[in-house]
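The values are calculated or read from the model by the stated rules, or taken from the named source; none is laboratory data. Not measured: the values here are computed from a predicted model. With ideal geometry, Cβ positions are generated from the backbone for all residues, glycine too; neighbour counts draw on all protein chains shown. Only protein heavy atoms, including side chains, enter the accessible area calculation; ligands, DNA and RNA are left aside. Shrake-Rupley method; radii C 1.70, N 1.55, O 1.52, S 1.80 Å.
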Amino acid sequence: MATKNIKITKETVVSMYMNYTLVHNEKPKSVYQFANLNEFSETEFYSFFGNLESIETEIYNLFLEKTIELLNNDTNYESYDMKTKLLSFYFTFFELLAANRSYVTLNLNEDKNQLKNLAKLSGLRQHFKQFIKSIITDDFRIQQEKIQQFQENAIQESAWIQFLFTLKFWLEDGSPNFEKTDIFIEKSVKLSFELMNVAPINSLIDFGKFIIKEKMQKN
């Protein structure tokens, strides 16, 4: 078997997998078929992945890793407060998703059982929670302890639920440049922080109006 003159990395295998899935509208049948078609060895494949299914989980991890890399390349990022860091994360992450929307939409709508689709995000969930933990500031942590005894794990879990709602909204968003998702992100992040600061009423009403308006337009 001839080998292409390209270096086989985890990223190139992922790219090949995504391309195959989109072109054929289905997953590769086997590691042998996938490797043979792309002219690299099974040994090379197994140096990065244990099976084809593990690629799907890794795809979303790579999106998150790239997002954090881009954020850290911004010299102003470290000076942002927690809320601004989270907003920056969302806008950057969903920009990367938008660049790969065809694959993400196909992959996350593949099974009628949504739990099976969400299982593909299991690795992303853990990495996302670690990101949330990393941006919780001491001032914010102390403030929450004084107000409602919020624990870091509770903040991470609630942030993950918010992320899933945002992802679902984005998957259904048909607006130009996904501008409605941008609005959703701004309003939902604002609301989540005000809820933790026990001052939610105005943002809750504003966010509720936005969601109701979207539902009415879709119906």
With a 32 Å threshold on alpha-carbon distance, the violating pairs from LYS66/LYS112; LYS29/LYS83; LYS7/LYS85 are LYS29/LYS83; LYS7/LYS85
Around LEU118 (Cβ within 11 Å, Cβ-to-Cβ, excluding LEU118; K/R +1, D/E -1) the net charge comes to +3
Can you give the FRET efficiency to the nearest 0.05 for GLU53 and SER158, using r as the Cβ-Cβ distance and R₀ = 45 Å? 0.95
With every protein chain left in place, what is the accessible area per residue of the stretch 1-133 in square angstrom, probe 1.4 Å? 55
Portion, in percent, of the accessible area of the stretch 1-68 that falls on carbon or sulfur, probe 1.4 Å: 50
Lys and Arg at +1, Asp and Glu at -1: add these up for the other residues within a Cβ distance under 12 Å of TYR103 and post the number. +1
